[in-house]
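Trainee: Okay, here's the structure, questions in a sec.
The values are calculated or read from the model by the stated rules, or taken from the named source; none is laboratory data. The structure displayed is predicted, hence computed values, not measured ones. Note that each Cβ is placed from the backbone with ideal geometry, even for glycine, and that neighbours are counted across all protein chains shown. Please note that ligands, DNA and RNA were not included when accessible areas were found on the heavy atoms of the full protein model with its side chains. Shrake-Rupley method; radii C 1.70, N 1.55, O 1.52, S 1.80 Å.
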2 protein chains.
Amino acid sequence: MKELGFKMEQRYMGIDIGGTTTKFGVFTKEGRLLDKWSVPTDISENGKHIIPKIYREIKVFTESKGRISGAGLGIPGPVTQEGFVENCVNLGWRDVNPERELAGLLGDVLVAGGNDANVAALGEAWKGAGAGCENIFMVTLGTGVGGGAVVNGEIVNGMQGLSGEIGHIPVNEKETEKCNCGNCGCLDQIASATGIVRYTRRLLRESSRESCLEDRDGLTAAEITAAAASGDAIGTEGLAYSMTCLGKSLAIVSHIIDPEMFIIGGGVSAAGEMLIPMIQEGYDRHIYLKKSHAAIRLAKLGGDAGIYGAARLAMQKGENL
Amino acid sequence: MKELGFKMEQRYMGIDIGGTTTKFGVFTKEGRLLDKWSVPTDISENGKHIIPKIYREIKVFTESKGRISGAGLGIPGPVTQEGFVENCVNLGWRDVNPERELAGLLGDVLVAGGNDANVAALGEAWKGAGAGCENIFMVTLGTGVGGGAVVNGEIVNGMQGLSGEIGHIPVNEKETEKCNCGNCGCLDQIASATGIVRYTRRLLRESSRESCLEDRDGLTAAEITAAAASGDAIGTEGLAYSMTCLGKSLAIVSHIIDPEMFIIGGGVSAAGEMLIPMIQEGYDRHIYLKKSHAAIRLAKLGGDAGIYGAARLAMQKGENL
């Protein structure tokens, strides 16, 4: 084949597999998003159709728009360093290696896989709030509390995919209700959307103060953060308690990996900048170096963090070969 | 210059700077210790003689035994990624860059510097208890509790040298005495040699049970671990409390970086294997993945971990250039 005088621009695909939707994004090596789309995730028959469907999506793309150099997968469960998934409840996967399966189908395209929270952290470190930082920790405040660490520009995967699982750090020794992990007083019980609702409902039951909120089933974290934003005392107290506990946990993270920046993402982060001083207060109270300069910032990429991070993961795998 | 048909074996020097003694070790690239010695550390005049003295030791060595390819420094305080030391109380250093100073004196020899606990962790990961592991966390139980993390084979330095400072993780919300950092209930107050003595003396005051130990000034952690080894109830209870709290902290570390192995070093670790089940109990109680396989092992290199790790650090800096 004739060598051309130029090199075609390399492109990487990031694929974020969720229990309902699988998102695709195509990026240049510099991180420019060229194209994105999503398809429903078919989790029937223990998720056996997921990877073949992803393969077909890639094929359709490359046949019309040309070659990609790598594809990265964000997976909603623990992934070993070798890409092995022992148990991924949301997709029905057990004892599979989706990275290897997709690589087998694609042949000459490099494939990398990682846990979705870790991959989102890599995305934010690459092109989001942490752009320019080599060491960040991202927390995702959704139904649960998840997280991911990036050290020296790369995901900290950990031995069994437990890294970044900040939700199960103990932060309240006095808690008597059990977390779904079996322990009591995990951060997940306090700072997740569910945790904010649980704690605020407790305040509503125990307090005689006026509030626009009611102790009822179906109360949401969004209603509580809206109440806090409008100055409601109980909404503010509930949210502030949850966020100072989160800050305490971030101080713990600093004592272990000392990142440059903490990035707060997930549904709860839609409450915006008012969360930051609440988190900062808990952080400052528990940090050893009182003049610690770690920044606490809101995530920037929203639901796209996963596709950015997955594409970056594939790119890094290529660089390390 | 004539190219010879063989390459001379590369050698690296590891230098562990302590407040009293500076240790030197010379290693092959494979980690064979060729030579070691130590000299007193002269901390007079804000430690200004320390680096020139190290330079002279290196000169004496290289003039009689030939060239070294790199020198690594273990420093007893926080070191930034660029080698900068803002404040090192034990050596009297303020706002210095010992790595750059030594490199300036040596000219053509590569120099790297890091915090001593982090460097010791790298040494144990390279040729000690963690040999063969890319991801470990080492805890040093001495007068205080220190620690260091190695991820993907490299030290996690952190932004301001706070990484690995597990001693200031909060583990006991009920503690009312203040830690030297100003907070209450830090691991340092419980699992350090000082902490073990403090807690056991409290038990001795409050318990009517018989013990070979007495609540007195000058009681040492070594006396307590010896009493525990001989079956003394209060010695055992004091030590077990400290070690289960340590185990809880290690579970927290697993939720953030999920290492393959925890390595227990420092003076208290001389108590030996009896510590492991105590630590394991606290770990198992607080870990999310109940079948977590992270190993907990005693350190192997003793006081030599620092020279091993410092030599390895210089070697890695060369590889990354």
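Trainee: Among the residues of segment A:201-227, write down those that are touching a Leu at 6+ places or on another chain (Cβ under 7 Å) and either among the small types (Gly, Ala, Ser) or within 30 Å of B:LEU289 (Cβ to Cβ) (or both).
Mentor: Residues satisfying the conditions are A:ARG201, A:SER211, A:ALA227.
Trainee: Is it the case that A:ARG201 is surrounded by fewer than 17 Cβ atoms within 10 Å (Cβ to Cβ) and of a type in the set (D, E, K, R)?
Mentor: Numbers: surrounded by fewer than 17 Cβ atoms within 10 Å (Cβ to Cβ): no; of a type in the set (D, E, K, R): yes.
Against the criterion (surrounded by fewer than 17 Cβ atoms within 10 Å (Cβ to Cβ) and of a type in the set (D, E, K, R)), A:ARG201 does not qualify.
Trainee: Name the residues in segment A:143-159 that are open to solvent by 20 Å² or more (accessible area, probe 1.4 Å), within 21 Å of B:ASN135 (Cα to Cα) and out of contact with any strand residue (DSSP E or B) (no Cβ under 8 Å at 6 or more places or on another chain), would you?
Mentor: Once the filter is applied, which keeps residues that are open to solvent by 20 Å² or more (accessible area, probe 1.4 Å), within 21 Å of B:ASN135 (Cα to Cα) and out of contact with any strand residue (DSSP E or B) (no Cβ under 8 Å at 6 or more places or on another chain), segment A:143-159 yields A:GLU154, A:MET159.
Trainee: Restricting the search to segment A:174-191, which residues are within 16 Å of the chain's Cα centre (by Cα) and away from chain B (no Cβ under 11 Å)?
Mentor: Result: A:ALA191, single match.
Trainee: Would it be correct to say that A:ALA121 is more than 11 Å from chain B (Cβ to nearest Cβ), open to solvent by 10 Å² or more (accessible area, probe 1.4 Å) and hydrophobic (A, V, I, L, M, F, W, C)?
Mentor: Working: more than 11 Å from chain B (Cβ to nearest Cβ): yes; open to solvent by 10 Å² or more (accessible area, probe 1.4 Å): no; hydrophobic (A, V, I, L, M, F, W, C): yes.
No, not satisfied.
Trainee: Here is a further query. On the basis of being open to solvent by 30 Å² or more (accessible area, probe 1.4 Å) and among the polar types (S, T, N, Q), does A:ASN135 make the cut? Don't jump to the end; show me each part of the working.
Mentor: Working: open to solvent by 30 Å² or more (accessible area, probe 1.4 Å): no; among the polar types (S, T, N, Q): yes.
No.
Trainee: Okay, moving on. Which members of segment A:47-64 meet the condition of being of a type outside the set (A, V, I, L, M), more than 23 Å from A:LYS317 (Cα to Cα) and exposed (fewer than 13 other Cβ atoms within 10 Å of the Cβ)?
Mentor: Of everything in segment A:47-64, those that are of a type outside the set (A, V, I, L, M), more than 23 Å from A:LYS317 (Cα to Cα) and exposed (fewer than 13 other Cβ atoms within 10 Å of the Cβ) turn out to be A:GLU63, A:SER64.
Trainee: Now for a separate question. How many residues does segment A:155-173 contain that are among the aliphatic types (A, V, I, L, M), farther than 13 Å from B:HIS286 by Cβ and at the interface with chain B (Cβ under 7 Å from one of its Cβ atoms)?
Mentor: Narrowing segment A:155-173 to residues among the aliphatic types (A, V, I, L, M): A:155-156, A:159, A:162, A:166, A:169, A:171.
Filter once more, so that each one left must be farther than 13 Å from B:HIS286 by Cβ: A:155-156, A:159, A:166.
Within this subset, residues satisfying the condition of being at the interface with chain B (Cβ under 7 Å from one of its Cβ atoms) are A:156, A:159, A:166.
Residues flagged as among the aliphatic types (A, V, I, L, M), farther than 13 Å from B:HIS286 by Cβ and at the interface with chain B (Cβ under 7 Å from one of its Cβ atoms) within segment A:155-173 amount to 3.
Trainee: Kindly evaluate B:ASN115 against the criterion of being under 14 Å from the mean Cα position of the chain (by Cα), closer than 19 Å to B:ASP16 by Cβ and among the polar types (S, T, N, Q).
Mentor: Working: under 14 Å from the mean Cα position of the chain (by Cα): yes; closer than 19 Å to B:ASP16 by Cβ: yes; among the polar types (S, T, N, Q): yes.
Against the criterion (under 14 Å from the mean Cα position of the chain (by Cα), closer than 19 Å to B:ASP16 by Cβ and among the polar types (S, T, N, Q)), B:ASN115 qualifies.
Trainee: Given the residues B:THR140, B:THR194, which is the only one that is under 28 Å from A:ALA149 (Cα atoms), out of contact with any His (no Cβ under 7 Å at 6 or more places or on another chain), more than 13 Å from chain A (Cβ to nearest Cβ) and open to solvent by 40 Å² or more (accessible area, probe 1.4 Å)? Step through it out loud before you land on a result.
Mentor: Working: B:THR194 fails: under 28 Å from A:ALA149 (Cα atoms).
Of the residues listed, the single one that is under 28 Å from A:ALA149 (Cα atoms), out of contact with any His (no Cβ under 7 Å at 6 or more places or on another chain), more than 13 Å from chain A (Cβ to nearest Cβ) and open to solvent by 40 Å² or more (accessible area, probe 1.4 Å) is B:THR140.
Trainee: Continuing with the same structure: Being surrounded by fewer than 24 Cβ atoms within 10 Å (Cβ to Cβ) and assigned to a strand (DSSP E or B) is the filter here, so list the residues in segment A:174-191 that pass it.
Mentor: Taking segment A:174-191 and keeping what is surrounded by fewer than 24 Cβ atoms within 10 Å (Cβ to Cβ), we get A:174-185.
Within segment A:174-191, A:LYS178, A:CYS184 meet the criteria.
Trainee: Residue by residue through segment B:31-85, note down the ones that are touching a residue at least 60 places away in the same chain (Cβ under 8 Å) and not small (Gly, Ala, Ser).
Mentor: Here is the first cut: in segment B:31-85, the ones touching a residue at least 60 places away in the same chain (Cβ under 8 Å) are B:31, B:33, B:36, B:69-74, B:77-81.
Hits for segment B:31-85 are B:LEU33, B:LYS36, B:LEU73, B:PRO78, B:VAL79, B:THR80, B:GLN81.
Trainee: Something else: May I ask you to verify whether B:VAL26 is surrounded by 22 or more Cβ atoms within 10 Å (Cβ to Cβ), under 20 Å from B:LEU313 (Cα atoms) and modelled with pLDDT under 95?
Mentor: Details: surrounded by 22 or more Cβ atoms within 10 Å (Cβ to Cβ): yes; under 20 Å from B:LEU313 (Cα atoms): yes; modelled with pLDDT under 95: no.
Spelling it out, it is not the case that B:VAL26 is surrounded by 22 or more Cβ atoms within 10 Å (Cβ to Cβ), under 20 Å from B:LEU313 (Cα atoms) and modelled with pLDDT under 95.
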